Amino acid sequence: MSRWTSPIAVLLLCLPLAAMAGKDDAEKELIAARANVAAAERADAGERASQELNAARDMLARAEGSFSDHDWDDAELEAQRAGLDGRLAEARARQQANESVLKELETTIETLRAEIAREGA
């Protein structure tokens, strides 16, 4: 066996393992991204943060396409971005909901103050 045969054999044996690791990482990121997009949808991001939700859905579709094409690196990166976009959409939707509740509470407080002032006069 030559000096180069052994390292080449080891390299050839490791390539499938490296490819499987890339596939597994991409698959994990896709699962996480799907969960983040679903959480955004449950937070009513379609109504309150539609631009962010659409970006997350589009990137998730790209990630799934890359995964189908066995482009594990792109699939992983696109899934990470889709997951972050999904988290952003969820956060913006929750922020909008909280701001609506806050506005409602402020209106109620002002109404109560006006009522108290009227009764005190």
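Tell me whether region 17-31 contains one or more residues that are within 30 Å of ALA97 (Cα to Cα), more than 12 Å from the chain's Cα centre (by Cα) and either at pLDDT 95 or above or surrounded by 17 or more Cβ atoms within 10 Å (Cβ to Cβ) (or both).
no
Rundown of residues vs (1) modelled with pLDDT of 95 or more; (2) in contact with a Phe, Trp or Tyr (Cβ under 6 Å, 6 or more places away or on another chain); (3) surrounded by fewer than 20 Cβ atoms within 10 Å (Cβ to Cβ); (4) closer than 19 Å to GLU29 by Cα, yes/no style:
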| site | (1), (2), (3), (4) |
| --- | --- |
| LEU53 | yes, no, no, yes |
| ALA56 | yes, no, no, yes |
| ALA79 | yes, no, no, yes |
| ASP85 | yes, no, no, yes |
| ALA89 | yes, no, no, yes |
| VAL101 | yes, no, yes, no |
| ALA117 | no, no, yes, no |
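The values are calculated or read from the model by the stated rules, or taken from the named source; none is laboratory data. Predicted, not measured: the structure shown is a model, and the values here were computed from it. Note that we place each Cβ from the backbone using ideal geometry, even for glycine, and neighbour counts take in every protein chain shown.
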